[in-house]
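Every number here is computed from the coordinates shown, using simple stated rules; none is lab data. In this text, all values refer to a predicted model and were calculated from it rather than measured experimentally. Note that each Cβ is placed from the backbone with ideal geometry, even for glycine, and that neighbours are counted across all protein chains shown.
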Amino acid sequence: MGKYIIRRLLMVIPTLWGVFTILFILAFMMPGDPLRAVLGEEYNRLDPEVIEATRERMGLNDPFHVRYLKFLEQMLRFDLGESQVHEESVSAIIGYRFPRTAQLMIGAMVVAVLIGLPAGIVAAERQYSWVDHWLMVVALIGVSMPVFWSALLAQLVLTQEPLAVFPVAGYEEGSVRHMMLPSLVLGAYYSATLARVTRSSMLEVKTQPYVTTARAKGLRYRVILTRHQLRNALIPVITVIALDIGGLLGGAIVTETVFNWPGLGRAIVPAIMRRDTPVILGILIFGAFLYIAINLITDLAYVLINPRIRYE
């Protein structure tokens with residue numbers, strides 16, 4: 001296990017380097033003048049000498065390879081730079097915003113697991129019944145509906161009279177009441193995929209010889225379902241959950257914008273509009289690192305779920 005972890009960590013280094021390079025190239029190729037985007041209306045009021053001096057100070061006149069080497073040097077020092085608009089370190093922005101995004105992601109994942117996992121199990125156990133067809137149709141609708149559309153529908157239906165159950169938007173110091181609706185919207189989207197994968201995995205395990213043997217022994221239905229079927233069907237389910245956690249970062253950007261949730265999404269959208277490159281790169285790099293870390297943890301979790309898996 002220890003050697004496997006070391007090998008995976010060594011594999012992460014070139015992966016991160018590739019991600020850093022691609023993100024930097026995309027940021028470098030963004031259209032428009034970054035200085036004009038940062039200064040806004042002040043750009044036309046400043047003297048050309050001041051503008052040129054500011055451009056030189058920000059390193060915008062440097063060629064691509066110089067800026068790229070400076071960027072890599074910052075990454076080696078774990079320095080994400082400073083916002084060009086707010087003059088605040090990107091690490092401080094992420095440190096303030098990410099706990100709020102994590103709160104929303106955890107709430108959404110809880111909703112996805114509580115809805116998707118039981119729905120997939122019931123659909124597999126009632127295969128080809130009306131319950132199975134109904135659940136899969138609902139899952140298909142759920143996975144086909146964009147998050148922003150379901151968020152707007154939820155605001156229209158669940159925040160207005162007579163069903164004024166949740167507040168329309170806001171954070172209110174992370175209160176559970178304000179968190180429930182965005183978590184429900186984001187979690188319902190990913191629960192659809194989780195339900196379909198759980199159903200397929202349960203049906204595959206259901207026909208295995210060890211399940212047939214357990215039935216022949218006369219074991220109780222609950223024991224067969226939980227210890228033999230569900231546990232062996234969890235590997236692809238856990239993989240999907242790990243991928244969904246990475247996807248939640250992207251979905252949270254839309255959800256936070258609709259519900260005015262002060263997370264990373266509410267930071268990166270204005271940064272893109274203002275061409276605040278350090279903030280854009282910092283949040284994307286942090287997201288990539290988080291995604292890789294989650295996948296490593298998922299690989300290690302396979303051993304706990306299925307003892308037959310061993311990493312040599």
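General observations
- The simple spin-label model puts a point 7 Å past each Cα toward its Cβ; for Val110 and Met30 those points are separated by 3.5 nm.
- Of the DSSP H helices in the chain, those whose Cα atoms cover at least 15 Å axially and whose Kyte score averages 1.0 or more: 2-28, 90-125, 130-144, 147-158, 231-259, 277-305
- When only alpha carbons are used to place a centre, the range 1-78 and the range 91-133 end up 35 Å from one another.
- The amide H of Glu82, built 1.01 Å from its N in the peptide plane, has Val90 as neighbours under 5 Å, considering only residues 5 or more places off or on other chains.
- Zone residues, the range 181-208, relative to Arg231, backbone N less than 20 Å from point 7 Å out along Cα-to-Cβ: 198-199, 201-208
- Gyration tensor verdict on the chain (Cα atoms; rounded if a/c is under 1.5, prolate if a/b is larger than b/c, oblate otherwise): oblate
- Between Glu41 and Leu203, the contour length at 0.36 nm per residue exceeds the alpha carbon distance by 52.2 nm.
- Sorting Asp62, Asp47 by the number of Cβ atoms found within 10 Å of their own Cβ, with the fewest placed first, yields Asp47, Asp62.
- Sites Lys217 and Val131 - FRET efficiency at Förster radius 22 Å, r taken between beta-carbons, to 0.05: 0.20
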